[in-house]
């Protein structure tokens, strides 16, 4: 399951990277950064943005398995990661990156996170990770991922999980109504069954807390301003389309909401780190 365009993922990457919570990133480094080798399983990898942000937090020898259903995004990931590293080698099955004293071996696998779940989690992993993923997933999928992480006593780190907060600048009288409709859309099926939507951070916390893991959560809200205009303008059509699909907001209200030019947006996200006690 993916359904995203590489150009959209490229557009959001700067905001994603600067919004990731630095305190949680530091906790991950303290847990895994001193290990000479680490195996990482990246779910819903897109173009490899999560690797680009997370690899600097880990040790000198890393082995990543990147999972996505979209072959086009996996191809884009090869290109983006090679450009990011600068120093790279490609074999038939893997990409070897060298950057800032780290050697990162990357394997790419096209797989469906639901239908290929068992084989995906046959992959060795010290760390299971994902970015902007679990609000799209079902509660059952979240529980199954947590169970697999706990079974192998791995670490779990996910960033930019949508938590339901959304505000626009300038304000509009229909903001609350539009946001409520958008949240309703977020819990519809995104390929996993009914999505957790804004409840995803809580479901992740409950699953890992029940397993006795050490759980840390922190804010990673997008705070978009005029310098982020291209991203703001790209967000608006998707937001409005989602609202329209719910049929909860009258069309004249939507049309009026669209009139003012938006110069800023706040989109709430939560980062989650779960470590074996």
Where residue 203 falls short, out of the listed (1) touching a helix residue (DSSP H, G or I) at 6+ places or on another chain (Cβ under 8 Å); (2) over 30 Å from residue 115 (Cα atoms): (2)
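Conditions (1) modelled with pLDDT of 95 or more; (2) touching a strand residue (DSSP E or B) at 6+ places or on another chain (Cβ under 6 Å); (3) more than 26 Å from residue 28 (Cα to Cα), marked per residue:
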site: 137; (1), (2), (3): yes, no, no
site: 140; (1), (2), (3): yes, no, no
site: 158; (1), (2), (3): yes, yes, no
site: 167; (1), (2), (3): yes, yes, yes
site: 214; (1), (2), (3): yes, yes, no
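Please find, among 249, 243, the residue that is touching a residue at least 60 places away in the same chain (Cβ under 8 Å), farther than 17 Å from residue 145 by Cβ, touching a helix residue (DSSP H, G or I) at 6+ places or on another chain (Cβ under 7 Å) and in a loop (DSSP other than H, G, I, E, B).
Values: 243 fails: in a loop (DSSP other than H, G, I, E, B).
So the residue among 249, 243 that is touching a residue at least 60 places away in the same chain (Cβ under 8 Å), farther than 17 Å from residue 145 by Cβ, touching a helix residue (DSSP H, G or I) at 6+ places or on another chain (Cβ under 7 Å) and in a loop (DSSP other than H, G, I, E, B) is 249.
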Any hit, the stretch 5-14, residues being farther than 22 Å from residue 269 by Cα, in contact (Cβ under 8 Å) with a residue 12 or more places away in the chain and either in contact with a strand residue (DSSP E or B) (Cβ under 9 Å, 6 or more places away or on another chain) or crowded, with 20+ Cβ neighbours inside 10 Å (or both): no
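Let me confirm something: among 209, 241, which residue is surrounded by fewer than 21 Cβ atoms within 10 Å (Cβ to Cβ) and touching a strand residue (DSSP E or B) at 6+ places or on another chain (Cβ under 7 Å)? Working first, answer last.
Numbers: 241 fails: touching a strand residue (DSSP E or B) at 6+ places or on another chain (Cβ under 7 Å).
When all the criteria are applied, what remains is 209.
The values are calculated or read from the model by the stated rules, or taken from the named source; none is laboratory data. Predicted, not measured: the structure shown is a model, and the values here were computed from it. Every residue, glycine as well, gets a Cβ built from its backbone with ideal geometry; the counts of neighbours run over all protein chains shown.
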